[in-house]
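Heads up, the thing below is written out as structure tokens.
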Amino acid sequence: MPRFNTTKNNPSIPEGISRNVSYADSNHPELDSRAIHLFRENIWIHFREHGRELPWRKTDDPYRILVSEIMLQQTQVERVLGKYEHFISAFPDFASLAEAHFSRVLELWQGLGYNRRAKALQQTAWKVIEDFSGTLPACQDTLKTFPGIGAATAGAIAAFAFRKPVVFIETNIRRVFIHSFFPKCESVRDTQILPLIELTLDTCKIREWYYALMDYGVMLKQTVSNPNRRSAHYSVQSSFQGSDRQIRGNILKLLVKARQLSEQDLCSALNEPPERVKGIVDALVREGFLDRNGTHISIADIKEQ
């Protein structure tokens with residue numbers, strides 16, 4: 001049975017939501033109805049008082065929710081806020097995104113990083129138009145067949161766009177459950193967390209419940225030592241500065257602006273050795289991001305691939 005600590009043992013957590021829930025056997029916790037009620041109450045109290053107002057939370061449009069979820073992959077909310085509305089204004093629906101030249105998509109994606117997501121998003125738009133008559137499917141398993149959409153993104157889209165009572169985990173949700181249910185455990189696996197997510201799911205307000213969990217996770221990031229370090233899946237990202245990933249992004253940025261450059265032009269602009277630039281350009285050509293026409297390089301029109 002769960003043991004509750006209702007003392008305010010962490011003064012940095014906002015008033016009224018300081019309960020921690022812990023378990024004698026965190027590998028096989030058994031929650032009674034009271035435990036579930038108290039956990040939900042904690043989350044809802046915080047959401048009512050501190051829930052975030054975000055533009056993609058104000059729409060039921062599956063396309064707009066898809067765009068937001070792809071943008072939010074590995075990217076802070078503040079950066080997405082600066083790009084989301086502009087992107088939606090340029091590409092208000094699947095058809096307009098599918099028909100755009102990829103260079104225009106990349107132009108509006110600049111500043112978000114991870115440019116593979118922009119390519120995957122446009123490819124998803126094509127697939128929706130060509131295979132699903134312009135309507136994004138609501139099934140979580142079907143969503144996972146789209147480019148760049150994994151289990152977490154598929155679950156988020158199913159919950160937020162279609163209000164499906166699905167079970168999924170992402171970084172903020174993981175933080176909430178490790179903090180609340182595994183306070184003294186190391187190497188906590190998602191397979192241990194997912195049954196708890198399902199058991200505590202508030203299916204009456206599925207969309208708002210997941211928003212509330214995520215916002216609670218954001219609060220924890222700001223107020224306690226990051227619980228996700230105790231996840232078995234936690235890893236520290238390698239340095240971006242000077243990496244091939246940084247050079248890839250800079251090459252695409254230069255070509256979005258100039259439309260066409262030679263490899264020599266790229267080497268001069270990047271101040272990098274020709275062999276390194278050539279290797280990265282070759283990879284981008286193989287991956288369908290760039291076209292090579294003689295000595296000149298340009299952004300590929302991926303509709304033609």
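The values are calculated or read from the model by the stated rules, or taken from the named source; none is laboratory data. A quick note: this is a predicted structure, and the numbers were derived from the prediction, not measured. With ideal geometry, Cβ positions are generated from the backbone for all residues, glycine too; neighbour counts draw on all protein chains shown.
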Here, strands (runs of 3 or more DSSP E) confined to the range 220-305 with at least 1 residues that are of a type in the set (Val, Ile, Thr) and in contact (Cβ under 8 Å) with a residue 40 or more places away in the chain are 296-299
Picked from the range 193-203 (must be among the hydrophobic types (A, V, I, L, M, F, W, C) and in a helix (DSSP H, G or I)), the residue surrounded by the fewest Cβ atoms within 10 Å (Cβ to Cβ) is 199
Q) Quick one: is residue 211 part of a helix (DSSP H, G or I) and of a type in the set (Ser, Thr, Tyr)? A) yes
Here the residues within the range 88-109 that are within 22 Å of the chain's Cα centre (by Cα) and polar (S, T, N, Q) are 89
The number of residues in the range 115-138 that are more than 13 Å from residue 91 (Cβ to Cβ), among the polar types (S, T, N, Q) and within 16 Å of the chain's Cα centre (by Cα) is 1
Scanning the range 137-165 residue by residue, the ones that are over 23 Å from residue 75 (Cα atoms) and either hydrophobic (A, V, I, L, M, F, W, C) or in contact with a His (Cβ under 8 Å, 6 or more places away or on another chain) (or both) total 3
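Can you report the number of residues in the range 206-264 which are charged (D, E, K, R), surrounded by fewer than 13 Cβ atoms within 10 Å (Cβ to Cβ) and within 20 Å of the chain's Cα centre (by Cα)?
To start, the set of residues in the range 206-264 that are charged (D, E, K, R) comprises 207-208, 215, 221, 229-230, 244-245, 248, 253, 257, 259, 263.
Right, trim to surrounded by fewer than 13 Cβ atoms within 10 Å (Cβ to Cβ) and you get 229, 244, 257, 259.
With within 20 Å of the chain's Cα centre (by Cα) added as a condition, the list becomes 229.
Count: 1.
Rundown of residues vs (1) over 20 Å from residue 165 (Cα atoms); (2) without any contact (Cβ under 8 Å) to a residue 40 or more places away in the chain; (3) among the hydroxyl-bearing types (Ser, Thr, Tyr), yes/no style:
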{"site": "41", "(1), (2), (3)": "no, yes, no"}
{"site": "62", "(1), (2), (3)": "no, no, no"}
{"site": "72", "(1), (2), (3)": "yes, yes, no"}
{"site": "109", "(1), (2), (3)": "yes, yes, no"}
{"site": "134", "(1), (2), (3)": "yes, no, no"}
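Regarding the range 189-197, can at least one residue be identified that is touching a residue at least 60 places away in the same chain (Cβ under 8 Å) and not assigned by TED's automatic domain parsing to the domain that holds residue 64?
Yes, there is a match, as at least one residue in the range 189-197 is touching a residue at least 60 places away in the same chain (Cβ under 8 Å) and not assigned by TED's automatic domain parsing to the domain that holds residue 64.
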Of 81, 66, 112, the only residue that is among the hydrophobic types (A, V, I, L, M, F, W, C), under 15 Å from the mean Cα position of the chain (by Cα), surrounded by fewer than 18 Cβ atoms within 10 Å (Cβ to Cβ) and at pLDDT 95 or above is 81
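Please go through the range 181-192 and give me each residue that is surrounded by fewer than 21 Cβ atoms within 10 Å (Cβ to Cβ) and assigned to a helix (DSSP H, G or I), ordered by number. If you could, list the steps in order and put the result at the bottom.
Filtering the range 181-192 down to residues surrounded by fewer than 21 Cβ atoms within 10 Å (Cβ to Cβ) leaves 183-187, 189-192.
Within the range 181-192, 190, 191, 192 meet the criteria.
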